[in-house]
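Here the structure is laid out as structure tokens; the discussion comes afterwards.
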Amino acid sequence: MSRYRSRPRRTFDRLAAAALATVACVCVGATTADATATTATTATTATTATEPVESRGVSIPAFYTPPAQLPATNGALIRHEPLPLGLSLPGLDGRPLPGTATRLMYKSTDSDGRAVAVTGAYIEPSAKWEGDGPRPLVAVASGTMGQGDQCAPSFALQHPLTVNGQTLSIGYDNLAIYRLLATGAAVVVTDYVGLGATDRLHTYVNRQDEGHAVLDAVRAARALPGTSLTSGSRVGLYGYSEGGGASASAAELQPAYAPDVHLAGTYAGAPPADLTAVMKGIDGSALAAALGWAISGFAQAYPDMRGISEANLNDAGRKALADTSTMCVGEAIFRYGFARSTAWTNSGKSVAEIIAEEPRAQAVVDEQRIGTLRPAGPVRVATGVQDDIVPHAQARRLAVDWCRKGGDVTYAAIELPNLGDRLLTNHLTPLITDQTAAISWLTDRLEGKPTTSNCWTMPFQR
């Protein structure tokens, strides 16, 4: 039976389209009531925090403050509570569209092998799954949101637009999430390590942290009581940009880290697979602040990077790192758009040049390379040929690397005109233009339909 025929599905499509109009929902930030309105259900005996944290004038609910003690098992639920969706409609059967959401905190492991609490959200869809087998689950890895806790994807589900004069965050991935829910698949969203959870900085583009967080989000969703998921539910991964790197990393790490999470398919759009190339792409671009997020995250995770950063950054650079560490994408573009890292260093060299000259720093960046392992299950890699923020060539190289390792790879080069030098347009437009194809491909995998690798076409594709 076609999944597009019923009236509820058309309603979902309209709701998903409405997600693009979230500018009508201006949320000045969570209130203290958000932190105390619902008592979190805890999976451990740890004490729930009672005081919210403030980030750029936004009150982060106390739910996001991790307990002192964490469970031993990766993916174990620490706490959960109902999450009101900022964009929702009443359904004909009384259930809300697109579904019922639950805020999550679960245990994961960071790149240093340490236990870490990660937050996120699970959404039980109101739409019926009409494919073969039980309702499947899609783990959504969000694109770049920023480094401030108010930028967390789960927070953006409740507040699609957060703006208060100090911060500006837009839940642009909500559109893909709602469209996935419209297929009848359940969705779990990870906030990544440190984005939302208030005990540390978000470790931006850290391959292992992000891959682990995605896989453990699947485990947490399975552990959540009262869902329609079963042990036979197929699992898919979906991500674009930072999320494309996270989902790609998860597909590589799954066999060793989460052998219990069998992947039916992974979509990796515009994946930052080679950070050396990506750093050059974002330096001087509208998203120059992402350099600050990466440096701050790596300085937190790797002591060597902390020393190198302190030795090479000037006052302006240190100020930029401190400033960007609490920013979302919106204000980061306004404040640091088109900044060049040469203005942040003592030597006047770019961050990429300094890293290339420092073996310890280059080793950390090289460790983030995606494409060194064969991905589990079928994967679809999509990249805009004009993308100059997350460069097209390095994303294509990921597909080639996976093909050479025998991966089941579907590669899609998104052909669009050059829409503007380093303005984000060449990076963001494929996010929208390829979304229908990406969701259709992933839905086919969740229905158990076979796919055929097109690795043989790589010599003929841009």
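The values are calculated or read from the model by the stated rules, or taken from the named source; none is laboratory data. Just so you know, these numbers come straight off a predicted model, no measurement behind them. With ideal geometry, Cβ positions are generated from the backbone for all residues, glycine too; neighbour counts draw on all protein chains shown. Protein only, heavy atoms only, side chains kept; ligands, DNA and RNA dropped before computing areas. Shrake-Rupley method; radii C 1.70, N 1.55, O 1.52, S 1.80 Å.
Things worth noting here:
- Phi to ³J(HN,Hα) by Karplus 6.51 cos²θ - 1.76 cosθ + 1.60 over segment 289-303, Hz, x for Gly, Pro: 4, 4, 4, x, 4, 5, 4, 4, x, 6, 5, 6, 7, 10, x
- For THR167, distant residues with modelled amide H under 5 Å away: none
- The alpha-carbon of LYS280 sits under 17 angstrom from the alpha-carbons of these aspartates and glutamates, leaving out residues fewer than 8 places away in its chain: GLU242, GLU353, GLU357, GLU358, ASP366, ASP387, ASP388, ASP421.
- Label-point separation, GLU310 to ARG95 (7 Å along Cα→Cβ), nm: 5.4
- The distance linking segment 387-462 with segment 163-181 is 23 Å (Cα centroid to Cα centroid, whole angstrom).
- J(HN,Hα) series, segment 347-356, from Karplus relation 6.51 cos²θ - 1.76 cosθ + 1.60, nearest Hz, glycine and proline x: 8, x, 7, 6, 4, 4, 5, 5, 5, 4
- Extension gain for THR433 to LEU416 (0.36 nm times residue separation, less C-alpha to C-alpha distance): 5.2 nm.
- With the cut-off at under 14 Å, measuring from each backbone N in segment 51-77 to a point 7 Å along the Cα-to-Cβ line of ASP199 picks out 63-77.
- Amide proton proximity set for LEU89, modelled H, under 5 Å, gap of 5+: LEU97
- In plain terms, the chain from HIS262 to LYS349 could stretch by 26.8 nm, reckoned as 0.36 nm per residue minus the Cα-Cα distance.
- Over segment 241-281, accessible surface divided per residue gives 22 Å², non-protein components excluded, 1.4 Å probe.
- Mean residue ellipticity, 222 nm, helices only, the chain: the sum of -39500 (n - 2.57) across DSSP H runs of n ≥ 4, divided by residue count and rounded to 500, is -10500 deg cm²/dmol.
- Under DSSP loop assignment and at most 16 Cβ neighbours within 10 Å, longest chymotrypsin sites (Phe, Trp or Tyr not before Pro)-free interval of the chain: 5-337
- Computed from the C-beta positions of PHE334 and THR230, the FRET efficiency with R₀ = 51 Å rounds to 0.65.
- Under a 5 Å amide H cut-off, with hydrogens placed 1.01 Å from N, ARG79 pairs with ALA43, MET105 among residues at least 5 apart or on other chains.
- With R₀ set to 51 Å, the beta-carbon distance separating ALA363 from GLU130 gives a calculated FRET efficiency near 0.55.
- 3J(HN,Hα) from dihedral phi, segment 191-196, Karplus parametrisation 6.51/-1.76/1.60, rounded to Hz, x for glycine, proline: 8, 6, 6, x, 9, x
- Options [x] 150; [y] 203; [z] 135 - which one matches volume of the Cα convex hull per residue in Å³ as calculated here: [z]
- Rolling a 1.4 Å probe over the protein heavy atoms of the chain, with every protein chain left in place, gives an accessible area that is 56 percent carbon and sulfur.
- Taking the DSSP bridge list for the chain and keeping only pairs wholly inside it, about 55 percent are antiparallel.
- Rounded Å value of the spacing that divides the Cα centres of segment 308-372 and segment 224-270: 30
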